[in-house]
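Some notes on the structure that comes next.
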Amino acid sequence: GTYNDNDPTAATIAAGTKRVICSAEQGAVVTPPHNLAGTNRVIYAAGQIVPNTSTNSAALLNRPYYIPVMISTPRTIDAVMCRIAIAGTTGSVGKGALYAATLAGAPGTKIVESATVATDTTGLKVFSLTKRRYKPGLYYIGIVFDVAAPNFTNPAPVGMVAPLNNDPGTMLVGTAAQYEVSTGTVFPATAAPVAVRGIDETPLVALRLA
């Protein structure tokens, strides 16, 4: 038969038994090597951009970080994810959580948290949560580390905007997270942050879609 590369419907097959081989070509998209998605579908924290060149910073131990995330449509979530660039020493662990936002837009009541996950090796870390369906709105990803501080991958600084507290910031700095003092990997039932962290001090984090 005949085949037109721009119009597959133009192919014609003569009568009788035929074998047809179909093929397609697609331009490749290079995925930043430090992304958290892999084969997963994820929602990154508000304003975070996956870096092409990784930068990292040391976690503050026993300090729950609260990082804003917008869920735009009803979604089922089953994990918090981050990437460890430099492993903590033996015994290093972390936990993830998800918090509701208050009417004022601050981190509020804890919804769910994970079990502890070892962070004494590098790579993608998955903090599994009880699978739930969430309504659209503002939430906060919680993440905390204990025993020995790992270094986590940061978001790209270029193009980031300050999403919290109407912080004027700039395109290179700004408030990207809040935190408070805790014990071990304890997430308080109600968040009460006492300080903020900049973009270059905050982990690249995402929610995994179930």
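The values are calculated or read from the model by the stated rules, or taken from the named source; none is laboratory data. Predicted model, so just to flag it, every value in this text is computed and none were measured. Using ideal geometry, Cβ is built from the backbone for each residue, glycine included, and neighbour counts are taken over all protein chains shown. All accessible areas refer to the heavy atoms of the entire protein, side chains included, with ligands and DNA or RNA removed. Shrake-Rupley method; radii C 1.70, N 1.55, O 1.52, S 1.80 Å.
When you scan segment 70-77, do you find a residue that is more than 20 Å from Val181 (Cα to Cα) and of a type in the set (Gly, Ala, Ser), even just one?
yes
How many residues does segment 183-207 hold that are open to solvent by less than 50 Å² (accessible area, probe 1.4 Å) and touching a residue at least 40 places away in the same chain (Cβ under 8 Å)?
Number of matching residues: 14.
State which residue is nearest to Ile199 (Cα to Cα) when the search covers only segment 57-84 and only residues that are part of a strand (DSSP E or B) and open to solvent by 10 Å² or more (accessible area, probe 1.4 Å).
If we take residues in segment 57-84 being part of a strand (DSSP E or B) and open to solvent by 10 Å² or more (accessible area, probe 1.4 Å), then Ser57 is nearest to Ile199 (Cα to Cα).
Please go through segment 48-67 and give me each residue that is modelled with pLDDT under 95, within 25 Å of Val181 (Cβ to Cβ) and in contact with a Pro (Cβ under 6 Å, 6 or more places away or on another chain), ordered by number.
Answer for segment 48-67, where residues must be modelled with pLDDT under 95, within 25 Å of Val181 (Cβ to Cβ) and in contact with a Pro (Cβ under 6 Å, 6 or more places away or on another chain): just Gln48.
What are the pairs, 6+ residues apart or on separate chains, where a residue within segment 92-121 that is among the acidic types (Asp, Glu) has its Cβ under 6 Å from a residue that is outside any strand (DSSP E or B) and open to solvent by less than 30 Å² (accessible area, probe 1.4 Å)?
What qualifies is Glu113/Phe187; Asp120/Gly88; Asp120/Ser92.
Considering only segment 107-148, how many residues are among the small types (Gly, Ala, Ser) and either farther than 29 Å from Ala85 by Cα or open to solvent by 60 Å² or more (accessible area, probe 1.4 Å) (or both)?
4
Mind listing just one residue for me: the one in segment 165-182 that is more than 21 Å from the chain's Cα centre (by Cα) and modelled with pLDDT of 95 or more and, of those, least open to solvent (accessible area, probe 1.4 Å)?
Ranking the candidates gives Ser182 first.
Of the numbered conditions (1) open to solvent by 90 Å² or more (accessible area, probe 1.4 Å); (2) at pLDDT 50 or above, Ala28 satisfies every one except a single condition; which is it?
Unmet for Ala28, out of (1) open to solvent by 90 Å² or more (accessible area, probe 1.4 Å); (2) at pLDDT 50 or above: (2).
Taking Thr53, is it over 12 Å from the mean Cα position of the chain (by Cα), more than 23 Å from Val196 (Cβ to Cβ) and either assigned to a strand (DSSP E or B) or basic (Lys, Arg) (or both)?
When the stated conditions are applied, Thr53 does not pass them.
Run down Ala162, Ala97, Ala156, Ala87 and say which single residue is open to solvent by 10 Å² or more (accessible area, probe 1.4 Å) and either over 22 Å from Ser54 (Cα atoms) or modelled with pLDDT of 95 or more (or both).
Checking each option against the conditions leaves just Ala87.
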